[in-house]
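As structure tokens, the structure follows; a few thoughts come after it.
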Amino acid sequence: QIAERFKDYDERLMFEGFNEILNEKNLWNGADKRALAVTNDLNRLFVETVRASDGNNAERVLVLNTYCAGPGNDVLSGFVLPEDPTEGSLIVSAHVYQPWSFTDSNQKSVTNWSKGPIDTALNGLKQTFVDKGIPVLVGEFGAENKGNMDKILSWAAYYVSKCRELGLKAVWWDNGAL
């Protein structure tokens with residue numbers, strides 16, 4: 001229905017099939033083979049459905065999520081890019097909140113950050129996708145304000161520069177808490 005409704009919109013409109021899909025246990029970590037397979041099947045069906053619709057959808061850029069939109073090695077190693085008759089029109093998206101203890105609002109005492117977790121997650125996306133010619137969108141990144149705005153600013157500057165260095169695009173997720 002969405003593909004039909006927007007079929008005549010130009011190339012500036014991209015579609016994303018789903019967001020942060022989880023398994024039946026709602027696990028964010030430790031995706032099992034079944035959850036990875038379901039995620040891959042949903043991405044494949046999404047591409048097939050949009051491509052089979054009319055209008056500009058045959059050429060439209062489509063954004064595909066990993067399981068839970070996660071960047072972990074277990075998730076990335078189980079991701080399968082679906083076949084697409086439109087070459088170069090798929091983007092992989094992941095949400096990268098690293099270091100988690102710094103970005104997580106429930107960990108109020110952690111107000112400083114380190115580069116290691118950021119580098120690990122972003123390098124994993126680069127090696128898995130960008131190095132193979134598959135664009136990556138970090139569809140969410142952000143940090144809760146814990147009275148540490150100076151640290152958030154330095155973290156964000158590093159984060160964006162690291163994404164730029166690795167050929168990733170990043171979108172700040174603003175939930176209104178900053």
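Worth pointing out:
- Among R51, R164, R12, residue whose mean-square fluctuation peaks in a GNM of the chain (springs only between Cα atoms under 10 Å): R12
- Using only side-chain charges placed at the Cβ, +1 for Lys and Arg and -1 for Asp and Glu, the dipole size of the chain relative to its Cα centre rounds to 560 debye.
- Beta bridges per DSSP with both ends in the chain, % antiparallel, nearest 5: 0 percent
- The chain: DSSP helices with Cα axial extent of at least 24 Å and average Kyte-Doolittle hydropathy no lower than -1.0: 33-52, 149-166
- Heavy atoms of I91: accessible area, 1.4 Å probe, square angstrom to 10: 30 Å²
- Label-point separation in nm, N175 to E20, each point 7 Å along Cα→Cβ: 0.6 nm
- With helices as the sole contributors, the chain gives -11000 deg cm²/dmol at 222 nm; each DSSP H run of n ≥ 4 counts as -39500 (n - 2.57), and the sum is divided by every residue.
- What you get for the range 122-163, charging only the Cβ of Lys and Arg (+1) and of Asp and Glu (-1), is a dipole of about 120 debye around the Cα centre.
- Per residue, the convex hull around the alpha carbon atoms of the chain comes to 127 Å³.
- Lys/Arg +1, Asp/Glu -1 at C-beta; the chain dipole; positive extreme among I118, Q107, I2: Q107
- Segment D84-W28, length gained on full extension (0.36 nm per residue, minus Cα span): 17.4 nm
- Paramagnetic label zone (point 7 Å from Cα along Cα-to-C-beta, D131; backbone N under 19 Å) in the range 42-72: 71-72
- Among 61-69, 14-22, 41-49, the peptide with the highest mean count of other Cβ atoms within 10 Å heads the list, and the full ranking is 61-69, 41-49, 14-22.
- Measuring against 32 Å, Cα to Cα, the residue pairs K25/K146; K7/K115; K7/K146; K7/K162; K33/K108; K126/K146 contain K7/K115; K7/K146; K7/K162; K33/K108 as the ones spanning a longer distance.
- Highest GNM mean-square fluctuation among E24, E11, E59, for the chain modelled with Cα contacts below 10 Å: E24.
The values are calculated or read from the model by the stated rules, or taken from the named source; none is laboratory data. The shown structure was predicted, so the numbers you read here are calculated from the model rather than taken from an experiment. For neighbour counting, all protein chains shown are included, and Cβ atoms are generated from backbone atoms with ideal geometry for every residue, glycine included. Accessible surface is based on the protein model in full, side chains and every heavy atom, while ligands, DNA and RNA are left aside. Shrake-Rupley method; radii C 1.70, N 1.55, O 1.52, S 1.80 Å.
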